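Below you'll find the structure, written out as structure tokens, and then a few comments.
The values are calculated or read from the model by the stated rules, or taken from the named source; none is laboratory data. Every value quoted in this text rests on a predicted model; they were computed, and no experiment measured them. So basically every Cβ, Gly included, is an ideal-geometry build from the backbone, and we count neighbours across all protein chains shown.
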Amino acid sequence: MLKSFFARFGLCGAAVSALLLASPVMAQTPVALDGFLAGIDRGCESSAQKKDYEASLYERFGPEPKPNAPLVLPANVASAFGVPKVEKKDDHLNVNVPLTATYRGLRLRNLNLVLGLDNGIYSFEVEFDESADKVRAVLSSVVAKSKKILDKNNEIGATTALSFKGGKATLSCDLSN
């Protein structure tokens, strides 16, 4: 079961030096996550770093939880991540990770993930700590480009969007199949 999750996302092995437990002390100054989030602008691809982190969350909290399993984060971005809050549902995990970080110069508040329990459910969103106007100005063309990439070979109905609700701006990708 876990192997199929890893294979689905093309997970690569992380170097032993990159294995870190979630940092109990978050950064005071935002950490740039442009490398970690690389690929969002290319049809909702995920970087190897993001894939490894998601796989480690799945291993720790998934269908056969291993509470002591390390969360895999590169040392240069680990302090940006707070302690994950996980809600286990019948068929998926809702994961909310507080961030002290930026993406494309925009301050981030949270990384939210929906990880299916061996069923193909998968989505993620980054929540911004910026005004809707600022997020729209920086990311509208990025999301439009990403949508075009998704639409070329989109057999699973994947979507990406900028959303502005309740004073909250998010960039989301849903790759569920």
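Of the residues D90, D118, only one is modelled with pLDDT under 90 and either under 17 Å from D34 (Cβ atoms) or not in a helix (DSSP H, G or I) (or both); which?
That would be D118, the only listed residue that is modelled with pLDDT under 90 and either under 17 Å from D34 (Cβ atoms) or not in a helix (DSSP H, G or I) (or both).
Among L117, L111, L139, which is buried (at least 16 other Cβ atoms within 10 Å of the Cβ) and under 16 Å from the mean Cα position of the chain (by Cα)?
Values: L117 fails: under 16 Å from the mean Cα position of the chain (by Cα); L139 fails: under 16 Å from the mean Cα position of the chain (by Cα).
Exactly one residue qualifies, and that residue is L111.
Mind checking which residues of region 125-134 are part of a strand (DSSP E or B) and either surrounded by fewer than 19 Cβ atoms within 10 Å (Cβ to Cβ) or out of contact with any helix residue (DSSP H, G or I) (no Cβ under 8 Å at 6 or more places or on another chain) (or both)? Before the answer, list the steps.
Just the residues of region 125-134 that are part of a strand (DSSP E or B), to begin with: 125-128.
The answer is E125, V126, E127.
Does S146 satisfy the criteria of being in contact (Cβ under 8 Å) with a residue 60 or more places away in the chain, hydroxyl-bearing (S, T, Y), within 16 Å of I40 (Cβ to Cβ) and assigned to a helix (DSSP H, G or I)? Can you show your working first?
Working: in contact (Cβ under 8 Å) with a residue 60 or more places away in the chain: yes; hydroxyl-bearing (S, T, Y): yes; within 16 Å of I40 (Cβ to Cβ): yes; assigned to a helix (DSSP H, G or I): yes.
For S146, the condition - in contact (Cβ under 8 Å) with a residue 60 or more places away in the chain, hydroxyl-bearing (S, T, Y), within 16 Å of I40 (Cβ to Cβ) and assigned to a helix (DSSP H, G or I) - is met.
Report whether or not S23 is in a loop (DSSP other than H, G, I, E, B), modelled with pLDDT under 90, buried (at least 16 other Cβ atoms within 10 Å of the Cβ) and not hydrophobic (A, V, I, L, M, F, W, C).
yes
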